[in-house]
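Notes for the one structure printed next.
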Amino acid sequence: MFSRTGVWSVDKYCRRYIAISEFTQIELDVQAGVEETITWRPLKASVLNFDASVRKIGMGFGLIVRDCSGQVLVAAMKFTESELEPREAEALAYRRAVLTMNELCIFGAEYETDCMQLYNEWNRSDKGGRSLFHGLVEETRRLDPVAGSQKLNFDKRQGNKAAHCLANLAFSLLDRCWIDKVPDQLDQILLMM
């Protein structure tokens with residue numbers, strides 16, 4: 001149903017799920033019985049915020065992509081039962097955010113994290129370390145379609161609130177992805193930003 005050439009064929013008013021990435025699926029509501037072609041175009045994003053939340057039962061990841069005017073392009077969350085240290089979970093969330101943006105053909109986004117350890121490691125001139133955390137950072141570096149083009153910025157928790165909310169919602173709503181809209185729980189947070 002989804003092709004890299006950019007055309008989706010769907011029936012109106014049936015709910016279809018299109019798997020986009022390991023993050024989750026895109027929900028399409030369309031009218032039953034009438035086939036419609038939706039032309040897909042690469043999106044341009046200005047800022048992608050991501051976050052991870054770690055609990056005893058697992059980890060939640062959240063990401064939100066806004067364009068230059070602040071409009072939400074993509075919001076996604078994922079729950080996984082594996083346990084990692086918080087800095088490793090943040091590095092894994094960054095890796096998943098980059099993979100998701102590559103799959104959606106959104107290039108040139110600036111990534112923002114509230115994890116100072118991740119920010120410092122990403123911006124170090126001497127790459128090193130043999131831990132899982134360092135391995136995830138280096139693997140994410142290799143996912144860059146244009147070597148050296150990824151920019152990671154540090155933002156305090158207040159500026160990363162929407163992604164943090166999504167990471168925590170992943171524990172109850174599990175895996176979800178929204179295109180051009182956000183979950184009701186995020187509306188109030190986005191209005192305050």
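The values are calculated or read from the model by the stated rules, or taken from the named source; none is laboratory data. Everything numeric here is computed off the predicted structure, so don't read it as measured data. Note: ideal-geometry Cβ built from the backbone for every residue, glycine included; neighbour counts use all protein chains shown. What goes into the accessible areas is simple: the full protein's heavy atoms, side chains included, and nothing from ligands, DNA or RNA. Shrake-Rupley method; radii C 1.70, N 1.55, O 1.52, S 1.80 Å.
Key figures
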quantity: Test for residue 76: is it at pLDDT below 95 and touching a Cys at 6+ places or on another chain (Cβ under 6 Å); calculated: yes
quantity: Qualifying residue in the range 94-104 (condition: free of Cβ contacts under 8 Å to residues at least 60 places away in the same chain, more than 18 Å from residue 47 (Cα to Cα) and either touching a helix residue (DSSP H, G or I) at 6+ places or on another chain (Cβ under 8 Å) or not in a helix (DSSP H, G or I) (or both)); calculated: no
quantity: Criterion: open to solvent by 10 Å² or more (accessible area, probe 1.4 Å) and within 17 Å of residue 182 (Cα to Cα) - qualifying residue of 63, 73; calculated: 73
quantity: Scope the range 122-159; condition open to solvent by 50 Å² or more (accessible area, probe 1.4 Å), of a type outside the set (Lys, Arg), part of a loop (DSSP other than H, G, I, E, B) and under 14 Å from residue 50 (Cα atoms); matching residues; calculated: none
quantity: Qualifying residue in the range 96-115 (condition: farther than 23 Å from residue 176 by Cβ and touching a His at 6+ places or on another chain (Cβ under 9 Å)); calculated: no
quantity: Subset of the range 105-119 [outside any loop (DSSP other than H, G, I, E, B) and either more than 20 Å from residue 163 (Cα to Cα) or open to solvent by less than 30 Å² (accessible area, probe 1.4 Å) (or both)]; calculated: 111, 113, 118
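Rundown of residues vs (1) of a type in the set (Phe, Trp, Tyr); (2) touching a Gly at 6+ places or on another chain (Cβ under 8 Å); (3) modelled with pLDDT under 90, yes/no style:
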site	(1), (2), (3)
91	no, no, no
113	no, no, no
121	no, yes, no
126	no, no, yes
